[in-house]
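The block underneath contains the structure these notes are about, expressed in structure tokens.
The values are calculated or read from the model by the stated rules, or taken from the named source; none is laboratory data. These numbers come from a predicted model, not from an experiment. We place every Cβ from the backbone using ideal geometry, glycine too, and count neighbours over all the protein chains shown.
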Amino acid sequence: MHSIFRLIPYPLRISLFYRLHARHAATRPQLFSAAPLALVPGVKMNLMPSDCGHQVIAYTGIYEWPVGRKIAELARSGGLLLDVGANAGYFPCSGAA
């Protein structure tokens, strides 16, 4: 996660990413290897710099804030998460809370 985003409340992170970094996001490949997820401390993902969704995750640590937050919340109460349309597995990783 880009260091500046750690200081910003979650709902604002994605908006600021698009305003400040989206045009040149793929030029920082070091952010895409073992990118930490904001909702699940200790969980990291290897991402592709060419994927716009992966760029958001690499820079902000989150993707689709309301959905990710709800999945992390539900995972804490237990149960089974089945992801049948996974791209990179962000939501199952969010469920690792």
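Below is a table of values for the structure above.
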quantity	calculated
Number of the condition not met by Ser50 [criteria: (1) under 22 Å from Ser3 (Cα atoms); (2) of a type outside the set (Lys, Arg); (3) in contact with a helix residue (DSSP H, G or I) (Cβ under 9 Å, 6 or more places away or on another chain); (4) surrounded by 14 or more Cβ atoms within 10 Å (Cβ to Cβ)]	(4)
Selection within segment 44-65 - touching a residue at least 12 places away in the same chain (Cβ under 8 Å) and either among the β-branched types (Val, Ile, Thr) or touching a strand residue (DSSP E or B) at 6+ places or on another chain (Cβ under 9 Å) (or both)	Met45, Asn46, Leu47, His54, Val56, Ile57, Ala58, Tyr59, Thr60, Gly61, Ile62
Some residue of segment 57-76 being of a type in the set (Phe, Trp, Tyr), surrounded by 14 or more Cβ atoms within 10 Å (Cβ to Cβ), out of contact with any Cys (no Cβ under 8 Å at 6 or more places or on another chain) and more than 15 Å from Ala22 (Cα to Cα)	yes
Residue in segment 25-59 that is nearest to the chain's Cα centre (by Cα), counting only those that are of a type in the set (Val, Ile, Thr) and closer than 13 Å to Cys93 by Cα	Ile57
Close pairs from segment 14-43: first farther than 12 Å from Gly61 by Cα and of a type in the set (A, V, I, L, M), partner modelled with pLDDT of 90 or more and in a loop (DSSP other than H, G, I, E, B), Cβ under 7 Å, at least 6 apart	Ala26/Pro49; Ala26/Ser50
Unique residue being among the charged types (D, E, K, R) and either exposed (fewer than 11 other Cβ atoms within 10 Å of the Cβ) or within 14 Å of Glu64 (Cα to Cα) (or both) when the list is Arg28, Arg6, Arg19	Arg19
